[in-house]
Amino acid sequence: MTENNIKIDISKIREILDKNNGARIRSWLSICSRCGLCAEACFFFLANDKNPKYAPAYKFQRTLGTLYKKKGKVDEAFLRECHDIAWGECTLCKRCSLYCPFGIDIAAMIAIVRSICFSQGLIPEGLARTLPNYEQFGNQMAVTVEDLVETCEWMAEEARDEIKNVTIPIDTSGAKYMYTINPREVMFYPQDLAMAAQIFTVAEESWTIPTTGWDCTNLAMYAGNKELAGKVVDAMYKKALELEVEAILITECGHAMRSAAYEGPYLANYRNGKPPVPIVHSVQLFYEYIRDGRIKIDPSKKIDLPVTYQDPCNVSRNAGLWEQGREIVRAICNDFRDMSPNRDHNHCCGGGGGFIPMGGPYRKRRMRSGRIKAEQIRATEAKIVISPCHNCYDQLNDLNKEYDLGVRVVSLKELIIETMVVPEHLKPNPESQNEEG
Amino acid sequence: MNCPICNNTINENETFCRKCAWSILRADNEPEQDYEERFKIAKKNWERLIACECEARYRHLHKEHKILFCTDLYASSDYAFKAAVDLARECDAELIIYHVLESRHRYSGQIITADGETWASKEVFDKLRTSLQKYYSAKLENQPAPKMRVEARSGIPWIEIVRMARKEKVDMIVMGPYSIRDPKNGFDLEKPRLGETAKQVSLRAPCPVAIVTSPDQRLSLEQQTSAGEEK
């Protein structure tokens, strides 16, 4: 599936339009009074000289509005414009909906436009390339089970240098949490697994990594392939039911939470809109660890450098975990400086909605619209930016270079590891290690 | 005080570390008895070392050796290649020639190749394997060549190198000290250094790592050291 050869199938467009032609979409399309409050809410609009073409109201009226008006009878040039708007000018961050007096969910409508573009074979290559991987390997980066298990063993070995008896349990039935991860952790950042294992060991958690349904990301959702997106999330639910875990734990990833907890049940046809197994995000769990004293922070190790917290849209605004994130940061840092605006009103980093995996072709735009986030960070004068989202992490690292911010970008895990108290009985004993080899 | 080698606590009335036996040499004022005791500890430690699990793993593998040579696609790693070939010949090992195409973003499948940024497709890997095979086979023409295999992957180089070494259970990794990221800013032989990949691999590898520098670099290292001493 590439962007180069497309054949427009109007009946498919009509099918998607008809399926979504309920009271919700109809009233949203007709009720929007073009008041422009959404425009100022959108970082694309702000970063692009307040060009009205970047106003969310324009974006959905121009695409979905026109599609309904023309009853799907559109040409290729128009669809390419839709493609450009749906992926290149919107990260589905939902900030505009907070400012809309009618509460119109513009992101939901752009998501429909993405589905329509997908049905015509028109999606960014970076996302298209992940789809066969989901089909064949069950994760977006074509990681084999063998690689996953071997990486877990490797990281458990490394983690034992820091903390005694660290193991990474695989496929353990009856564990409390099924820890689902981003394949990026296995491929590019295995230390993240080692850090998670250390935290869980210190907190004496019962957890396991599954060998199927372990990828909590869902780029099929962002690619507009709802059928595959449903399969991806259902594989995770099924595995959790099979292992009889109490909850699915999501790693520090934003859109994984949106997929698993909120959109997933609908994508996988759970009609009550609830996941069959409770979904817990790492931010919530780490907050509980610190609140309940299962992880103790060493006051002498608390971070003195100025720190700011990047609210990932899908963790803070869309999953309501903004205070939990801040509580953790306050517990581990002495000088916390909030960005402005913050919490549920925080701007998207500019890498969400599939923007980062869309890769090089979209890099320039990503850097340009990320200016808002870069300025927010610069204004705090922070030296460390914490973000509990892999996607923000990558975008912030890129922004750091592009705008010369001079900050260190970290995940929550990294700082928790740096500051937590390792109980005496878990400190590695070099003598016995020598003997074990 | 704590032992400077292993951080073990040393009691005030003792002259050496009872855990790692500290120095190899005997100090001038060291009593005969202490030195002998130290010697005993060192011997016991060595027995422990060769009996350890990893050694046992390698003993079982001694039938077939594997040398992992990591190339950075620049002629500067030829010195490391020569060392790897010599080693492989010497111990009749299989030589794995390995290159990792670096991922531009830690998220997407895009990689950097000689032709610029592209997607990691089968064609890219096939092309790379073919050219590596050609380049290194040509070097071994008319010479007894060890058994060779060319492998390529994409990702973060040090992660993929350690992963490969673990997976193949190689006996040794041979690689150059650093590579260049930007071909426009080539090697600065005046400034010898150890790159991130070499650093991480040597710290985390499951086997010994040989880092082979070019004679030019060694020379500049000497110059730098002596310049540093003059100051």
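Points to keep in mind about this one:
- Elements of type helices (runs of 4 or more DSSP H) in region A:97-181, at least 3 residues being open to solvent by 10 Å² or more (accessible area, probe 1.4 Å) and more than 11 Å from chain B (Cβ to nearest Cβ): A:106-119, A:130-137
- Going through (1) among the β-branched types (Val, Ile, Thr); (2) farther than 23 Å from A:ARG184 by Cβ; (3) in the same structural domain as A:GLN376 (by TED's automatic domain parsing) one by one, A:ILE328 falls short only on (2).
- The set of residues in region A:66-84 being open to solvent by less than 10 Å² (accessible area, probe 1.4 Å) and under 28 Å from the mean Cα position of the chain (by Cα) consists of A:LEU79, A:CYS82.
- Residue in region A:237-254 that is farthest from A:ILE170 (Cα to Cα), counting only those that are open to solvent by less than 10 Å² (accessible area, probe 1.4 Å) and in a helix (DSSP H, G or I): A:GLY254
- Options B:VAL100, B:VAL85: the member that is within 14 Å of chain A (Cβ to nearest Cβ) and modelled with pLDDT of 90 or more: B:VAL100
- Scanning region A:201-236 for residues that are in a helix (DSSP H, G or I), open to solvent by less than 20 Å² (accessible area, probe 1.4 Å) and of a type in the set (Gly, Ala, Ser) yields A:ALA220, A:ALA223, A:ALA229, A:GLY230.
- Output for region B:160-179, where each listed residue is facing another protein chain (nearest Cβ under 10 Å) and out of contact with any Phe, Trp or Tyr (no Cβ under 7 Å at 6 or more places or on another chain): B:GLU160, B:VAL162, B:ARG163, B:LYS167
- Within region A:325-437, helices (runs of 4 or more DSSP H) holding 3 or more residues that are buried (at least 24 other Cβ atoms within 10 Å of the Cβ): A:390-402
The values are calculated or read from the model by the stated rules, or taken from the named source; none is laboratory data. All values derive from a computational prediction rather than experimental measurement. In this analysis, Cβ positions are derived from the backbone assuming ideal geometry, glycine residues included, and neighbour counts consider all displayed protein chains. For the accessible areas, the whole protein counts, side chains as well, though only heavy atoms, and no ligand, DNA or RNA atoms are used. Shrake-Rupley method; radii C 1.70, N 1.55, O 1.52, S 1.80 Å.
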